[in-house]
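Worksheet for the structure shown next.
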Amino acid sequence: MIDTHTHYFLKDFDNDRFALIEKLREGGVSSVIEAAIDIESNFKMRKYFFDCDMVFFGAGLHPLRVAYADRIYGLQGCKKMLEVLIRTPKTVAIGETGLDFSRGVFCEADKERQRAYFIMQLELALESGMPLILHVRDCHEEALDIMKSFGEPFKGVSHCFIGSAAIAKRYTDLGFYLGIGGSCTYSKNEGRYIEFIRDLPLLPMDRIVLETDAPYLIPTGCRGRRNNSLNLSAVVSTLAQAQNMTAEEVEMITERNAKECFFNNAGTL
Ligand SMILES: [Zn+2]
């Protein structure tokens, strides 16, 4: 299995980071992709995992971290750093990047800044030919419209996808895969998941990749407080049930999809 979205650089893993990675390897996880959050995390993950053959990297800036990065480095400063990071070994994606208007109250200037950094990273994706790791919350239509306005096909994953089959189709039509993780195991009673869980059987399996978002989004029924890639098995069994497939089939298809999305040109796997 390939975990297409992790944050093992976070301090939650300071005590057992490398031991855990070895456990994942023994547990059947072949690769993980570390998604960057702030500028500093881009450097941290490369420092920790530069020599670890199963860990690959995103290069990017999360929409909820652009305000801070903008104050310190400015848009051009961030762009220059990302351009260098993209060229470092084992970098396979741009991200996570996107738009997030879900938390707190965002004034128009905040939203405008998020849009500017998103567009900058979309341009980097097109220039470099790299897939995107998208983080979009509560503004799928706007993010999709921005990408569509480029008039060019993108490639990548809509990470932690929670939405209807109709929204899913807009992403897959643009060239994206859907990152499915712990959220698919959550109760139908939780408002924002109802539509998503109802439409789970309708999502196209040839466009789904697995992800944990470790240490976040631990699936229902898994023990401990931190999520990790071994818990992908809970996501696999939920998907298998929804799609009327065996767990082995889900593992095989999602691994093929992840390779197709992230490792096609890199020649790394
Ligand atoms: Zn994430």
Subset of the stretch 1-48, residues part of a helix (DSSP H, G or I), surrounded by 20 or more Cβ atoms within 10 Å (Cβ to Cβ) and more than 16 Å from the ligand (Cβ to nearest atom), comes to I21, L24, R46
Notebook entry, point to check: Quick check: is even one residue across the stretch 79-89 surrounded by fewer than 20 Cβ atoms within 10 Å (Cβ to Cβ), in a helix (DSSP H, G or I) and either modelled with pLDDT under 95 or within 16 Å of the ligand (Cβ to nearest atom) (or both)?
Noted result: no
In the stretch 1-30, residues that are in contact with a strand residue (DSSP E or B) (Cβ under 8 Å, 6 or more places away or on another chain) and either at pLDDT below 95 or of a type in the set (A, V, I, L, M) (or both) total 5
Going through (1) within 21 Å of F196 (Cβ to Cβ); (2) within 15 Å of the ligand (Cβ to nearest atom); (3) among the small types (G, A, S) one by one, A93 fails only at (1)
Selection from the stretch 157-210 of residues of a type in the set (V, I, T), within 16 Å of the ligand (Cβ to nearest atom) and within 18 Å of E251 (Cα to Cα) yields V157, I180, V209
- Task: For E195, state whether it is modelled with pLDDT under 95 and either surrounded by 14 or more Cβ atoms within 10 Å (Cβ to Cβ) or out of contact with any helix residue (DSSP H, G or I) (no Cβ under 7 Å at 6 or more places or on another chain) (or both).
- Result: yes
Checking R115, R170 in turn, the sole residue that is surrounded by fewer than 22 Cβ atoms within 10 Å (Cβ to Cβ) and either free of Cβ contacts under 8 Å to residues at least 24 places away in the same chain or under 30 Å from Q76 (Cβ atoms) (or both) turns out to be R115
Taking the stretch 50-68 and keeping only residues that are away from the ligand (no atom under 16 Å from the Cβ) and under 17 Å from I86 (Cβ atoms), one is left with F50
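The values are calculated or read from the model by the stated rules, or taken from the named source; none is laboratory data. In this text, all values refer to a predicted model and were calculated from it rather than measured experimentally. Note that we place each Cβ from the backbone using ideal geometry, even for glycine, and neighbour counts take in every protein chain shown.
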